[in-house]
Amino acid sequence: MNAPVDVSFFPRAAKPLSSYRKFWAARFGTAPFLPMSRAEMEQLGWDSCDVVLVTGDAYVDHPSFGMAVIGRMLEAQGFRVGIIAQPDWQSAEPFKALGKPNLFWGVTAGNMDSMINRYTADRKIRTDDAYTPGDIGGKRPDRAAIVYSQRCREAFKDVPIILGGIEGSLRRIAHYDYWSDKVRRSIVVDAKCDLLLYGNAERALVEIAHRLSRREPVEQITDVRGTAFVRRTDDDTRLGWFELDSTEVDVPGPVESHINPYQTTSEQAAGQGSSCAKEDTASANDGVKPLSFMPNPVLPQRNGKHTLPPRERTVIRLPSYEQVRSDAVLYAHANRVLHLETNPGNARALVQAHGEGATARDVWLNPPPIPLTTPEMDFVFGLPYARSPHPSYADENGSHDHVTKIPAWEMIRFSINIMRGCFGGCTFCSITEHEGRIIQSRSEESIIKEIEDVRDKVKGFTGTISDLGGPTANMYRLGCTSPEIEAACRKPSCVFPGICQNLGTDHQPLVNIYRRGRALKGVKKILIGSGVRYDLAVQSPEYVKELVQHHVGGYLKIAPEHTEQGPLSKMMKPGIGTYEKFKTLFDKFTLEAGKKQFLIPYFIAAHPGTSDEDMMNLAVWLKKNGFRADQVQTFYPSPMATATAMYHTDLNPLKGIHRDDRGERVDVVRGEKRRRLHKAFLRYHDPNNWPLLRDALKAMGRADLIGNGKHHLIPTFQPMTDGSYTSARRKNSTTVASKTPKPGQLLTQHTGLPPRDKGNR
């Protein structure tokens with residue numbers, strides 16, 4: 001298939017980022033680094049900041065760090081922007097360091113959710129933090145977005161607070177909180193922010209900043225896409241909206257059918273008696289009058305069919321916080337509705353009540369932001385980033401490479417982000433909820449220029465680009481071949497259960513960038529560090545050949561996640577057969593190149609929908625194929641993910657929610673003992689796990705897998721063990737003495753190489 005052309009519904013729907021008239025403070029010019037102190041402000045000639053950004057990460061002026069992108073974007077609009085990074089949150093004083101912001105506070109917990117950053121999947125406190133100088137943990141509070149917002153309000157109570165970042169995005173409605181094991185309110189309510197910006201926020205933030213600079217009250221800014229805010233029940237800005245009541249399930253009468261993710265777009269359209277080329281364009285406006293929030297409006301009929309009010313003035317009322325907190329069925333229902341309303345082309349506003357009586361408030365979510373166009377992506381990534389940590393983090397020698405090294409910066413120091421978004425829809429992942437499913441790609445010229453900038457300007461560059469990628473390495477410029485379908489589609493994934501017939505899968509633009517990049521003078525090698533979506537890659541053998549023969553540094557990581565259909569269907573991941581197809585191509589092109597390269601597959605333990613037998617079968621597959629998985633991922637229920645809704649409710653929102661047996665129940669792995677068992681199956685080779693596995697296999701009636709032969713999973717004998725385990729995060733490990741592999745011994749992921757092929761596969 002050909003790649004989609006750059007003609008889409010979305011570029012026509014938003015004002016370009018570069019079209020705003022600059023704020024008067026643009027006369028101060030560009031700062032080498034956004035100031036973090038009064039002294040730096042004075043050097044720039046500033047008497048105050050228009051915007052002060054507060055972040056839980058160290059300030060690294062690089063386009064992979066959200067606060068740097070936001071700061072430089074606002075600077076490009078003419079605003080004076082200061083940064084308070086990782087402040088002491090015990091009092092409001094550190095938040096006064098740059099003085100009172102003229103326009104607003106910009107608050108984020110950082111590039112990671114603060115709770116996931118601080119705690120392991122087993123709720124144990126981490127001792128490290130990759131976004132902190134020296135990799136030191138504990139430099140940000142739990143639920144940092146809420147704490148920082150509170151301190152900002154204490155510091156200057158009349159300054160608007162604009163909350164953003166992934167922590168805010170994933171908590172924009174009432175959500176299950178894994179760490180407290182309960183449903184929490186929307187973060188808009190808890191943080192008491194004036195506006196929440198969810199998703200990639202450049203477009204919304206630029207508009208809001210200019211409107212605030214014109215002295216428009218923040219409480220009147222209620223029409224910006226990608227924002228959430230609290231409305232009182234008597235707010236006049238609510239008038240003129242059509243409300244669709246979705247506070248219950250199984251309500252009799254005509255309702256809009258939910259999309260089945262297991263059908264293609266064309267099958268959905270055919271089932272509705274139409275074509276998938278576009279939505280039903282019959283006017284729904286004739287005779288419909290605006291309502292003042294009356295539930296379930298009586299809509300006129302055309303040819304005996306019910307029509308719906310215009311989407312741009314429609315809001316869907318979700319079950320209230322109090323309802324979803326006490327009713328798992330309604331929680332799953334709300335989660336399903338939320339995910340159905342994520343396409344910027346057809347999403348409707350959502351509203352959810354919090355509180356009752358005099359304290360009642362509505363959390364209002366406007367539709368998602370319009371994706372950035374390629375010129376806008378080039379604009380964002382072409383801003384004058386210093387591409388290094390702030391000088392205040394340097395050691396006594398002025399270096400960032402030793403005791404004050406920031407691991408997250410080190411990881412992306414020589415990498416290039418070429419796109420945003422993901423249409424994979426994996427239920428355990430938060431990328432789609434945050435960045436959206438529409439792929440936003442940079443131009444080839446922009447990417448090549450950044451490679452040259454890294455080569456020429458970044459200290460320590462030795463000729464190797466560590467990654468050209470993004471959320472997924474090979475979704476660059478992939479998307480729907482029809483603008484009409486793209487704007488109308490409500491499927492949660494473009495590649496599950498198979499690749500959509502309307503999805504362009506041409507990898508040639510990416511191949512061209514790889515070839516042009518590695519031909520640059522001074523660039524010795526370009527590696528691909530982002531995960532490869534192998535079900536897409538096999539559609540382009542030329543891409544796989546280019547990748548394998550020129551861009552793999554010994555091993556390539558991919559994520560089949562499991563081998564069994566039960567958990568895979570809950571993850572919305574392809575079957576293991578697709579992995580085998582990719583492996584065949586990988587091995588073929590590796591052999592042709594005369595190299596020794598290996599695939600590193602990653603798997604998830606304890607995902608909802610995974611039975612003990614599923615994990616046993618996965619372990620048998622691993623042993624048969626000679627893999628020893630040292631980097632074990634245990635399912636981590638991040639807020640708002642579909643898999644988290646399964647974990648909390650035992651229901652499958654992908655199949656529709658009902659109060660009777662029509663809904664699908666999900667086998668959820670809870671409790672430390674069962675989670676340990678599932679991890680143990682992934683690490684079947686660790687003697688520390690053998691006693692647990694023996695007991696489990698006997699209880700499952702599979703004692704035949706216990707024995708000392710090659711076909712057995714674990715042996716009958718038990719060596720002396722010390723109970724230690726080496727984690728991929730070294731500071732969370734119990735250190736064990738390293739051993740030199742014997743000839744022919746299985747190698748592991750920690751060595752960077754999977755096992756040698758001994759012909760027993």
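The values are calculated or read from the model by the stated rules, or taken from the named source; none is laboratory data. As the structure is a prediction and not an experimental result, all values here were calculated from the model. All Cβ positions, even for glycine, are placed from backbone atoms using ideal geometry, and neighbour counts span all protein chains on display. Ligands, DNA and RNA are stripped out before the accessible areas are found, and what is left, the full protein with its side chains, is counted by its heavy atoms. Shrake-Rupley method; radii C 1.70, N 1.55, O 1.52, S 1.80 Å.
Any chance you could count how many residues in the range 212-249 are among the aromatic types (Phe, Trp, Tyr) and assigned to a loop (DSSP other than H, G, I, E, B)? Number satisfying all stated conditions: 1. With respect to (1) open to solvent by less than 10 Å² (accessible area, probe 1.4 Å); (2) over 27 Å from the mean Cα position of the chain (by Cα), the lone exception for Lys596 is condition (1). If you go through the range 193-245 and pick out every residue that is polar (S, T, N, Q), at pLDDT below 95 and crowded, with 23+ Cβ neighbours inside 10 Å, you end up with 1. Residue count for the range 422-473 satisfying the condition of being part of a strand (DSSP E or B) and either among the polar types (S, T, N, Q) or open to solvent by less than 10 Å² (accessible area, probe 1.4 Å) (or both): 6. Is the range 632-652 home to any residue that is over 24 Å from Val532 (Cα atoms), open to solvent by 10 Å² or more (accessible area, probe 1.4 Å) and of a type in the set (Asp, Glu)? Looking through the range 632-652, at least one residue is over 24 Å from Val532 (Cα atoms), open to solvent by 10 Å² or more (accessible area, probe 1.4 Å) and of a type in the set (Asp, Glu). Looking across the range 408-421, the residues that are closer than 25 Å to Asp129 by Cβ, open to solvent by less than 30 Å² (accessible area, probe 1.4 Å) and of a type outside the set (Lys, Arg) come down to Ala408, Trp409, Ile412, Ser415, Ile416. Of all residue pairs spaced 6 or more apart or on separate chains, those with beta-carbon atoms under 6 Å, a first member in the range 312-340 that is at negative phi and open to solvent by less than 20 Å² (accessible area, probe 1.4 Å) and a second member that is assigned to a loop (DSSP other than H, G, I, E, B) and of a type outside the set (A, V, I, L, M, F, W, C) are Thr314/Arg348; Ile316/Ser246; Ile316/Arg348; Pro319/Thr247; Leu330/Pro319; Ala334/Pro319; Val337/Ser246; Leu340/Arg490.
When residues in the range 105-139 are screened for being at positive phi and open to solvent by less than 10 Å² (accessible area, probe 1.4 Å), 1 of them pass.
Gly78 fails exactly one of the following numbered conditions: (1) within 30 Å of Val351 (Cβ to Cβ); (2) touching a Phe, Trp or Tyr at 6+ places or on another chain (Cβ under 9 Å); (3) not aromatic (Phe, Trp, Tyr). What is the number of that condition? Tallying (1) within 30 Å of Val351 (Cβ to Cβ); (2) touching a Phe, Trp or Tyr at 6+ places or on another chain (Cβ under 9 Å); (3) not aromatic (Phe, Trp, Tyr), Gly78 fails exactly one: (1).
When Arg151 is evaluated against the numbered criteria (1) in a loop (DSSP other than H, G, I, E, B); (2) over 26 Å from the mean Cα position of the chain (by Cα); (3) at pLDDT 95 or above, which criterion, by number, is the only one it fails? Of everything listed in (1) in a loop (DSSP other than H, G, I, E, B); (2) over 26 Å from the mean Cα position of the chain (by Cα); (3) at pLDDT 95 or above, Arg151 misses just condition (1). Can you pull out every residue in the range 689-701 that is farther than 23 Å from Glu561 by Cβ and either open to solvent by 50 Å² or more (accessible area, probe 1.4 Å) or not in a helix (DSSP H, G or I) (or both)? The answer is Pro691, Asp695, Lys698, Ala699, Gly701.
Checked against the criterion of being modelled with pLDDT of 95 or more and surrounded by 23 or more Cβ atoms within 10 Å (Cβ to Cβ), the candidates Gly78, Gly45, Gly99, Gly82 yield just one match: Gly82. When the range 367-382 is filtered for residues that are open to solvent by less than 20 Å² (accessible area, probe 1.4 Å) and of a type in the set (D, E, K, R), only Glu376 remains.
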